[in-house]
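Inspection log for the structure reproduced underneath, given as structure tokens.
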């Protein structure tokens, strides 16, 4: 559940609820409600938390994973924080996968 994961991430970093609320630019009382489970954070807020903690957005969900588009957007935000050479490496990997898929599809059509 989201409330347990939020508390776990905060505690593991020895942060107070106020520390996290200030970093996220939300009221401390709102953050406390998130941890208690009396209020659920919006997806945008979860994305901010994921960025703050340096984790993937999927870590805030139990069995239910966010849809693929949300996962991709979350990963793109994290990739954007990488150094230029790391970004270039990721682009090369993606291009390689796309090229491989195109070759497989072409082979199937020619067979």
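The values are calculated or read from the model by the stated rules, or taken from the named source; none is laboratory data. Quantities reported herein were computed from a predicted structural model and do not represent experimental measurements. No Cβ is skipped: glycine too gets one built from the backbone with ideal geometry, and neighbour counts run over all protein chains shown.
Listed here are the helices (runs of 4 or more DSSP H) enclosed by the range 24-111 that have at least 2 residues being free of Cβ contacts under 8 Å to residues at least 12 places away in the same chain: 28-36, 68-79, 84-110.
Every test in (1) over 14 Å from the mean Cα position of the chain (by Cα); (2) exposed (fewer than 10 other Cβ atoms within 10 Å of the Cβ) is passed by residue 100 save one, and that test is (2). Scanning the range 58-88 for residues that are surrounded by 12 or more Cβ atoms within 10 Å (Cβ to Cβ) and modelled with pLDDT of 85 or more returns 79, 82, 87.
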